[in-house]
Amino acid sequence: MNEKLEKTNGQFNMAGFLSFINKWGTVIAIFLLVLFFTLAMPSFSSPSNLLTILRSISIVTVIAIGLTISLTVNGLDLSIGSTATFTDSLVVSMFVWYSMSTVTSIVAAVAIALIVGAVNAFLIVKVKIPDLLATLSTMFIFEGVAMTYTGGGSISEGMPRLDGTPTEGVLPPTFDFIGKAPYIIIIMLLVVAVVHIFLNHTKHGRYLYVVGGNIEAARLSGIAVDRYRTFAYILSAFFAALGGIMLASRIGSAQINAGAGYLMPAVAAAFIGLSFGGKGKPNAIGTFVGAVLVGVLENGLVMMSVPYYSLNIVKGAVLALALASTYYYKKN
Amino acid sequence: MGQQKRTKLEMKNISIEFPGVKALSNVDFEVESGRIHALVGANGAGKSTLMKVLSGAYDHYTGSIFINDKEVNIRTPRDAKELGIDIVYQEVDVALIPYLDVAENIMLDILVNKMKGKQFVNWREVHASARRVLDRLGIKLDTRKLAQDLTLAEKQMVLIARAIAEERRFLILDEPTAPLSNKETKELFRIVRDLAYNQDVGVIFISHRLPELFEICEDITVMKDGQLVTRRKMEGLDGKQIVELMLGKKMDEEYLKHNVEIGETIFEVKNLSEKDDAVKDINIHVRSGEIIGIAGLVGAGKTELCKTIFGALPIKSGKIKLHNNLLNIKNPHIAVQQGLALVPEERRKEGVLVEEPVYSNLSAASLSNFTGSLSFLKPHKERVAAVKMIGDLGIKTPNENQKVAFLSGGNQQKVAVGKWLMADAEIYIFDEPTKGVDVGAKSDIFDLIGHLAGLGKGSIYASSELSEILAITDRIYVMYDGEIVKELLTSETNEEEILYYSTGGN
Ligand SMILES: Nc1ncnc2c1ncn2[C@@H]1O[C@H](COP(=O)(O)OP(=O)(O)OP(=O)(O)O)[C@@H](O)[C@H]1O
Ligand SMILES: [Mg+2]
C-alpha cells in the first residue's frame with residue numbers, strides 16, 4: 001500500500017527514493033556484492049559456491065531467528081551463543097559418553113538447553129532485570145556451565161569421560177546428515193518459513209509484536225504480557241539450541257565456546273533484517289536476508305584472499321552501513 | 001494598562017505534506033499579542049500541524065511567517081523560541097522526560113539553552129524557580145516527584161508551567177484543558193488572562209470544548225481539511241455556528257440519549273479498596289443496558305477506580321460479581337477473559353501502539369474473533385472489521401494501514417476507543433473516552449455506547465466533563481478523595497448538584 005502512495009504522489013520522489021533504499025537496501029547490497037564478486041572471480045556465482053554460502057549461513061540464521069523472536073517483545077537475548085555451545089556439548093556427550101540414540105539425544109539436549117530460556121525469562125520477567133544485563137549474566141553462566149560439564153576441554157569420538165572411563169559411543173550417521181547440505185539448508189529454510197508464518201499469521205505472533213510495541217497498552221488490552229515474554233525467551237533458547245545441534249553435527253565434536261562466534265553475526269543479521277521490506281520491526285525473512293548479506297560478504301572476501309584477521313573490519317563496516325540505512329531513515 | 005504597540009504575527013500561504021497526506025494547503029493565519037485566539041476544527045483538520053509549523057517542529061513546509069511585517073525564518077524549535085514563540089504540545093507524555101523530576105522538566109529549556117558558560121547546576125535555585133512557577137499556577141506539586149509518576153492532569157500542568165517559566169511573546173496551547181476538570185481549567189484561564197492582558201502575550205488556544213472558547217477567546221480561526229475556513233472576532237458567533245463551520249454541516253448540540261430498557265443488576269462491586277487506598281470501600285452496581293457515570297474532580301480517584309475494577313491496580317479487599325459469579329480479577333488478562341473492557345485514560349501510554357497500523361490497533365483487544373484453527377489469523381475479516389470501525393467513528397486516516405503515530409490526537413483517541421468497541425464484553429469501562437475528540441465524533445462515540453446498552457451491556461463512564469455525564473448516563477456516582485460520596489439519578493440532578501458533592505460537600 002505504501003508503494004501505491006508514493007507512485008500517486010509525484011512530488012515525493014526524493015522521499016520515495018529514500019524509503020525505497022531503506023526497504024530494499026539489503027537486497028540491493030546483496031545483488032551488488034554478488035555482481036562485484038562475480039566480475040572479480042567468475043567462480044563466485046557457480047552453483048556449488050552459492051550452495052556453500054547457504055550452508056555456511058545456516059547455523060547463524062537459525063540462531064538469529066531465535067534472537068529475532070526475543071527482539072519482537074523488545075528484548076535482546078545475548079545468551080544465544082552460550083546456549084548453542086551448551087547444546088553442542090550436551091548432545092555430543094550423550095552420543096560419545098553415553099551412547100544414546102539420535103532422537104533421545106537431540107530431544108534431551110534441546111530440552112535441557114531450554115533451561116537457559118527459562119532462567120532468562122525468570123530474571124527478566126519476574127526479577128525485572130533489564131534484558132541486556134540478564135542475558136549477559138546468563139551468557140557467562142552457561143558458557144561456564146558448558147565448560148564445567150566438559151571439564152574445560154572438548155569432546156570427540158574415542159575420548160574418555162571426565163573420570164577416565166573409556167567410551168565407545170560414536171556420532172550416528174543419521175546425525176551427521178543434519179550438518180550436511182542439502183539437509184542443513186533445508187532445516188534453515190524450514191525454520192525461517194515456520195517462524196515467518198508464526199509471527200505474521202497467528203494470533204500469538206501478533207501478541208508478541210503488541211507486547212514489544214507498547215507493553216502497557218498490551219497489558220491493558222488483556223494480553224497475558226508476562227506469559228508472552230517468557231514464551232519469547234524460551235523460543236529464543238530453543239532456536240539457539242537447534243543451532244547448537246546443527247553445529248555439533250557440522251563439526252562432529254564439542255568444542256569450547258564453539259557457539260560464541262555466532263552471537264555477533266546473528267545480531268547483525270537480525271538488525272539488518274529490521275528494515276527489510278519496510279517492516280521496521282524484527283522479522284524472520286529479513287533476518288534470513290541479513291544473514292545472506294553477511295554470508296556473501298564473508299565468502300567473497302575469503303575467495304579474494306583477504307586474510308581472515310582482516311575480515312572483521314569489512315564485516316563490521318557493512319553492519320554499520322546497513323544499520324545506518326535503517327536508522328538514518330527512521331530519524332526522518 | 002497603557003495602549004502599547006501590539007506585536008502582529010502572520011503566517012501566509014502555509015502548506016505541508018506528509019507521505020499520502022496533504023495536511024495543510026495554503027493556510028493563512030494571524031494573531032496579535034495581548035489577545036486570546038481560538039483555533040478550532042474537527043479532528044485531523046490540521047490545527048496541531050499548523051501550530052507545529054509555527055513552533056519550528058517541521059522544516060519542510062512552504063509559505064512564510066512574519067512578525068510585525070518582517071519575514072522571519074522558523075525551521076527549528078530553537079528559531080521559534082528565540083522569537084518568543086512557545087508551544088504546549090497536545091501529546092503531553094511526548095514532551096516530558098519521564099525520569100527527570102518536576103523541577104527539571106519545568107526548567108528544561110533554561111537548563112538546556114540558558115546555561116551559557118556555566119557548567120554546574122544550582123539545583124536549589126532550579127527547584128526554587130520551579131516552585132515559583134507552580135505557585136503562579138496555584139498548583140501544589142512536589143517538585144522532586146518524577147514525571148513518570150504524575151497523573152495525566154499533573155503532567156499537563158507541568159508542561160504549562162514549563163511554557164510560562166520564561167517570558168514569551170506568543171504561547172500556543174494545544175488542547176491544554178483536555179485532561180483537566182473545571183477547577184484546574186479555571187486556574188489555567190486565570191493565568192492565560194494574566195499573560196494576555198497584563199504581560200501582552202498572544203495566546204493561541206486549541207480546544208474541542210466550545211464553552212471554553214466563549215469564556216476566554218476574543219478571536220477565532222476555524223480550519224477544515226487542512227484549509228482555513230474563516231478568521232473573525234468571537235463576538236456574534238454561537239456554538240451551533242462554530243460547529244457548522246467546523247464540520248461543514250449542521251448538527252444538534254444536544255445529544256439524544258438512546259431509549260433503552262434497563263434490566264436486572266448484572267455487575268456488582270462491593271467494598272472494593274485498592275492496595276494503597278487510592279480508592280476505598282467502593283460500592284457500585286450496574287444493570288443490564290444501563291450506563292452509569294463516575295463523576296469527580298481530577299484526582300478524586302476515577303481512573304484508579306476504573307483500573308482497580310479492571311485488575312490493573314492491585315486489590316486490597318472487596319468483591320466483584322458479574323451475573324452473580326464472584327470474579328477473581330488479578331490482572332487485566334483475567335478481567336478481559338471474564339468479560340470486562342477498559343478504555344484507559346492515557347491513550348499514548350496505555351491505549352494505542354503508535355508504531356503499528358490502525359487496523360492491528362483496532363483488533364488488538366479482540367484478536368480471538370479474527371482467528372481460525374491453530375490461532376491462524378483471518379486477515380480479511382480483521383481488515384473488514386477495522387474498516388467498518390474507521391467508518392463508524394469517522395477516524396481520519398488515508399487507509400487502515402496508516403501508522404497510528406501519523407494520526408491526529410483526536411483520531412488516535414478514536415482508535416483507542418474503537419479497539420474496545422470491537423471487543424465482546426459484558427461491562428465496558430470508559431475512562432475519559434472523548435478526550436480531544438471533536439463534537440461530531442463525540443456523538444458517534446455516544447451512539448456506539450448507546451448501541452452497546454441496547455444490546456444489554458453495562459457501561460461505566462468516568463469523566464470530568466459533567467455535560468457528557470449528564471448527556472449519556474442513567475445514574476451517577478460522585479467521587480471525592482477516593483471514595484464514592486453520592487449516588488444520583490441523572491434525570492433528577494444537574495451540574496451544580498454534582499459539583500457540590502464532588503468538592504466534598506454533603
Ligand atoms: N507526521 C505525519 N505523517 C502523516 N500524516 C500526518 C502527520 N502529522 C499529521 N498528519 C495528518 O495531518 C492531518 C492533520 O493533523 P493534525 O494533527 O494537525 O490535526 P488536528 O487538527 O490537530 O486534530 P486533533 O483535533 O485530532 O488534534 C491529519 O490527517 C493527520 O493524520
Ligand atoms: Mg491536534
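What pairs from B:280/B:381; B:319/B:396; B:52/B:186; A:23/B:388; B:70/B:435; A:128/B:118 go past 32 Å between their alpha carbons? Going by Cα-Cα distance, B:280/B:381; B:319/B:396; B:70/B:435; A:128/B:118 fall outside the 32 Å limit. Look at A:68, A:135, A:167 and count the other Cβ atoms within 10 Å of each Cβ; fewest to most, that gives A:167, A:135, A:68.
With a cut-off of 12 Å between beta carbons, the residues surrounding residue B:392 carry a summed charge of 0, where Lys and Arg count +1 and Asp and Glu -1. The alpha-carbon of residue B:81 sits under 14 angstrom from the alpha-carbons of these aspartates and glutamates, leaving out residues fewer than 8 places away in its chain: B:109, B:166, B:167. Shown for A:249, A:156: other C-beta atoms within 10 Å of each C-beta, ranked fewest to most, produce the order A:156, A:249. Peptides B:402-415, A:302-315 ranked from most to least packed, by the mean per-residue count of other Cβ atoms within 10 Å: B:402-415, A:302-315.
Our note on the geometry: Cα centres of the range A:295-329 and the range B:369-416, 41 Å apart. Taking label points 7 Å from Cα along the Cα-to-Cβ direction, residue B:447 and residue B:375 give a separation of 3.7 nm.
Principal-axis analysis of the Cα atoms of chain A puts helix A:203-213 at an angle of about 70° to the longest axis.
Near residue B:92, once Lys and Arg are set to +1 and Asp and Glu to -1 for all other residues with Cβ below 9 Å from its Cβ, the sum equals -1. Shielding of peptide B:11-18 by partners, expressed as the average count of other chain Cβ atoms within 10 Å per residue Cβ, is 1. Shielding by partners for peptide A:205-217, expressed as the average number of C-beta atoms from other protein chains within 10 Å of each residue's C-beta, is 6. Averaging Cα coordinates gives a centre for the range A:219-246 and one for the range A:82-99; these two points are 23 Å apart. Peptide A:222-233 has a mean of 3 when you count, residue by residue, the C-beta atoms of other protein chains within 10 Å of its C-beta. For chain B, relative contact order (Cα pairs under 8 Å, six or more residues apart, normalised by length) works out to 16 percent. Using the Cβ of residue B:278 as centre and a radius below 11 Å, the other residues enclosed give a net charge of -1, where K and R count +1 and D and E count -1. Length gained on full extension, residue A:170 to residue A:193, computed as 0.36 nm times the residue gap minus the Cα-Cα distance: 5.0 nm.
Taken over the alpha carbons of the protein assembly as shown as equal point scatterers, the Debye sum produces base-10 log I(q)/I(0) values at 0.04 Å⁻¹ of -0.22. If R₀ is 25 angstrom, what is the calculated FRET efficiency for the pair residue B:330 and residue B:424, using the beta carbon separation as r and rounding to 0.05? My answer for the efficiency is 0.75.
Among the listed pairs B:8/B:233; B:8/B:249; B:257/B:414; B:183/B:302; B:5/B:224, give every one whose C-alpha distance is greater than 22 Å.
Distance filter (> 22 Å) returns B:8/B:249; B:5/B:224.
With contacts taken as Cα pairs under 8 Å and at least 6 residues apart, chain A reaches a relative contact order of 33 percent. In this simple spin-label approximation, residue B:12 and residue A:216 carry label points 7 Å from Cα along the Cα→Cβ vector, and these lie 4.5 nm apart. Each residue, residue A:32 and residue B:68, gets one label point 7 Å from its Cα in the Cβ direction; the gap between the two is 5.3 nm. With a Förster radius of 35 Å applied to the C-beta separation of residue B:276 and residue B:368, the computed FRET efficiency comes to 0.55.
Laboratory data are not the source of any read-out in this text; all were calculated from the coordinates shown. Remember, predicted model here, so these are calculated numbers, not experimental data. Please note: Cβ atoms are built from the backbone with ideal geometry, for glycine as well, and neighbour counts cover all protein chains shown.
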